[in-house]
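**Student:** Pasting in a structure now, in C-alpha cells, and then I'll have a few things to ask.
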Amino acid sequence: MFSTDTRGQAHTLEAFAAAILLVAGLTFALQATAVTPLSASTSNQHIENQQRAVATDILETSAANGDLTEAVLYWDSDNETFASSHPEFAYYTQSGPPNGFGEVLDAAFLDRQVAFNVEIRYETPNGTRGQRMVYMGSPSDNAVTATRTVPLTDGTNLTAPGSTNETVSNDTFYAPDVGSGEAYNHLEVRIVVWRM
Amino acid sequence: MADVSISPPDPDRLRGEDGFRDANRGQLLLVAGLVMAVSLVALVVLLNATIYSENVATRGIEATDGEALEVRATAVEGTGSLIDATNRKANADDDDYTVTRGAVEDGVAELDTHLARTYAGRGGVTHLAVDSLRQGSYLTGNLSSASVADDVNRTRGFVLDVDVSDDPPVGTNASAAPDEAFHVVFNHSTGDTHEVYVYANETESGNLTVAVGDDGTEPTVLCSVDPADLEDSDRVAVDLTGERVGGQSCPGIWPAELVSQSGSYAIDFENGDAATGNATATVTAPSGGSVGSELDATPAVYDATVDLRYRTAELRFETVVRVAPGEPDV
C-alpha cells in the first residue's frame, strides 16, 4: 500500500513538470520569434534598430550631396503643392518625391514593403508648424523616426521644374521668413518608418 | 559428473527484497528526467531574457548618441550656410567686415534660440555660441587671365561655373593643354606649381574635361563630363575644393600639397580667353587680413569656431567645432 501512494505522488510531479515544460517551451518560442510583423520581440527590436539606422543614414547622405535641400525646395509655387504630387493633398502618397531624395527613399524602404512618412517642421512667428512631403498613412506602434535640420537662407531658389526662378521668399512657399539677416528658416525633416 | 546446469535466477535476488520499490524507481527516474529538461528550458528562457534586455539597453544608448550628432549637424550646417549667405550679401552690398561679422554673430545667436526651442520638446538643453571668427576674403569674378589671390594659406568654396553652351571652353587635348586651355595655377611658396586645366575634349565630342598637372608638365586627365547628361546643360560647375565636376565626384582636383596648410600659395587664372563663366572662392591669408586680388574681393568671414553643448537626462555632450563649409578634406 505504501508503494502505491509513492507512485501517485510521482504521477502528480510528472504532470506538473510536463505542464511547466510545455508552458516554458511556448514562452520561449513566442519571445524568440515575431509572431506577426508588428508584435514585440527580440527580432523586432533588431529590425527597428536597422530601420532607424537606414533612415538616419539616408538623411545624412542626402544632406551631404544636396538631395535633401533639393527635396524640401521641390515646391510648385503656382499650385502651392510639392511638384507633381497628388493635387488634392499637396503631398506625395504613393512613393517618395520624384527627385534624388525620393529615389533613395523608394529604394531603401518602398521596394522592401516598408512604409514611410516624411514631414517637414518649420518655424512660424506663432510656433512650429508641419508640412507633409510624403504621407502613406498612420504609423504603427513600432514605427521609428529620424530627423535632420536643413537651414535655408534668403534668396535660395526653388528646385521644382518651372519654379526655378522663384525664391523661398515668394509668398507661396510653405515656410515663412522668420530669421533676421540672411537666415530664412530652419526646416526639420522627419522620416517615420514602419513595416506594413 | 558434476551438475553444471544453472537454475533459473532467483526472482527475489534480481528484484530485491521489495519488488514494488524497483518499479517506483523507474518512474522517479522519468520524473527526474523531466525536471532536468524543465530546468534546461528555464535556463534557456533566462538567457534569452538577458539577451533581450541587453538589446533594449544598447538600443537606448544608440538613440541618444544619434541625437547628439544630429544637434551637431544642425549647428554646423546652420552656421555654415549662414556664413556663406552673409558673405555673398556682403559682396553684393559692399559691406565692411564689422557688418559681416556682426551679422554672423547675430545669426548664430538666432540659431541657438532655434536649437533650444526644437530640442526642449525632446527633453534636451542646447547651447551654441561663437568662440571666434577668422577674417578672409570672398572673391567673385569672370574667368579671365587674372591674379585670383596673392598670398593665401586656406581656400574653401572655390567653384568655377563654366559656360558650355554659348561660348564653350576651347577644344584641345592633354598634351596641348598647358598652352591652349584655361587653367588655374597654384604657385606654392616652396616654388612648386600645380595646375588644374579645364577644356573641351577635342576627340570626345566636346566633353568638359578636367586635368591636373605639376610644374607646367603635361597634365593627367581626371574626369570628363558630357554637359548633355546634366540637368543644367548650359553651365557646368567645377568645384575645385569640393572635388566635383557637374555634381559628380572627381577626386584629386585639389592639390594634396595645399591641404597640409604649411606655407602659403598664390592663385592665378591663365589662358583666360579659353573659357567663359565665373568663379567664386573664399580665402584667408596667413596674416588673417584681407587678400590682394584682381577679382571683386570683399572682406568676409572665412571660418567660425563654435562651442556647442547638448544635455539630456542621460547624456552630456560638449564640443568645439570649426565650421568652414566647402574646405577640402584633410
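Bear in mind these aren't lab numbers, they're just calculated from the coordinates by the rules spelled out. Predicted model only: the values in this text are computed from it and were never measured. All Cβ positions, glycine included, derive from the backbone under ideal geometry; neighbour counts span all protein chains shown.
**Student:** Can you tell me the equivalent ellipsoid semi-axes for chain B? Use √(5λ) from the Cα gyration tensor, largest first, whole Å.
**Tutor:** Taking √(5λ) for each Cα gyration eigenvalue gives 74, 31, 17 Å.
**Student:** Based on the Kirkwood radius over alpha-carbon pairs, what value in µm²/s does the Stokes-Einstein equation return for the translational diffusion coefficient of the range B:202-330 at 4 °C and 1.567 mPa s?
**Tutor:** 72 µm²/s
**Student:** Sort out for me the Cα centre separation of the range A:87-151 from the range B:265-299, rounded to whole Å.
**Tutor:** 42 Å
**Student:** Tell me, what is the percent relative contact order of chain B, built from C-alpha pairs under 8 Å that lie six or more residues apart?
**Tutor:** 26 percent
**Student:** While we're here: Report the net charge of residues surrounding B:Gly102, where surrounding means a beta-carbon distance below 11 angstrom and charges are Lys +1, Arg +1, Asp -1, Glu -1.
**Tutor:** That sum, taken over residues with Cβ under 11 Å, equals -3.
**Student:** Another question about this same structure. Compute the long axis of helix B:19-93 from its Cα atoms, compare it with the longest principal axis of the Cα atoms of chain B, and write down the angle in degrees, 0 to 90, nearest 10.
**Tutor:** Taking the Cα atoms of chain B, the angle to B:19-93 is about 10 degrees.
**Student:** Which of the peptides A:163-169, A:95-101 is most tightly packed, and how do the rest follow, going by the mean number of other Cβ atoms within 10 Å of each residue?
**Tutor:** Per-residue Cβ counts within 10 Å, averaged per peptide and sorted highest first, yield A:95-101, A:163-169.
**Student:** Taking the highest mean first, how do the peptides A:177-184, B:29-36, B:147-154 order by number of other beta carbon atoms within 10 angstrom per residue?
**Tutor:** Descending mean neighbour count gives B:147-154, A:177-184, B:29-36.
**Student:** Here is a follow-up. Starting from 0 in steps of 5 Å, tell me what percent of the Cα-Cα pairs of the range A:45-195 lands in each bin.
**Tutor:** 2, 10, 19, 23, 21, 13, 8, 3, 1, 0
**Student:** Right, next: Other chains' Cβ within 10 Å of A:54-62 residues: what's the mean?
**Tutor:** That average works out to 1.
**Student:** Quick check: net charge around A:Ile58, other residues with Cβ under 12 Å of its Cβ, Lys/Arg +1 and Asp/Glu -1?
**Tutor:** -3
**Student:** Let me ask something else about it. Counting only other chains, what is the mean number of Cβ atoms within 10 angstrom of the Cβ of each residue in peptide B:80-92?
**Tutor:** Shielding by partners across B:80-92 averages 4.
**Student:** Between beta-carbons, use under 9 Å as the cut-off and find the net charge around A:Arg190, counting Lys and Arg +1, Asp and Glu -1.
**Tutor:** 0
**Student:** While we're here: At a 10 Å Cβ-Cβ cut-off, how would you order B:Tyr52, B:Tyr302, A:Tyr122, fewest neighbours first?
**Tutor:** The order, fewest Cβ neighbours first, is B:Tyr52, A:Tyr122, B:Tyr302.
**Student:** Over the range B:198-269, how many percent of alpha carbon pairs lie in each 10 Å bin up to the one with the longest distance?
**Tutor:** 18, 48, 27, 8, 0
**Student:** For a footprinting-style exposure proxy, rank A:Trp194, A:Trp75 by other Cβ within 10 Å, fewest first.
**Tutor:** The order, fewest Cβ neighbours first, is A:Trp194, A:Trp75.
**Student:** Related question: Determine the distance separating the Cα centre of the range B:173-250 from the Cα centre of the range A:174-196; give it in Å without decimals.
**Tutor:** Between the Cα centres of the range B:173-250 and the range A:174-196 lies a distance of 37 Å.
**Student:** On to the next question. For chain A, list the DSSP H helices whose alpha carbon atoms reach 15 Å or more along the long axis and whose average Kyte-Doolittle value is -1.0 or above?
**Tutor:** Passing helices, by number: A:2-32, A:42-65.
**Student:** Per-residue mean of other chain beta-carbon atoms within 10 angstrom of the beta-carbon, peptide A:178-189?
**Tutor:** Counting Cβ atoms of other protein chains within 10 Å of each residue's Cβ and averaging gives 6.
**Student:** Could you tell me how many degrees, from 0 to 90 and to the nearest 10, lie between the Cα long axis of helix B:97-120 and the main elongation axis, the longest principal axis, of the Cα atoms of chain B?
**Tutor:** 20 degrees
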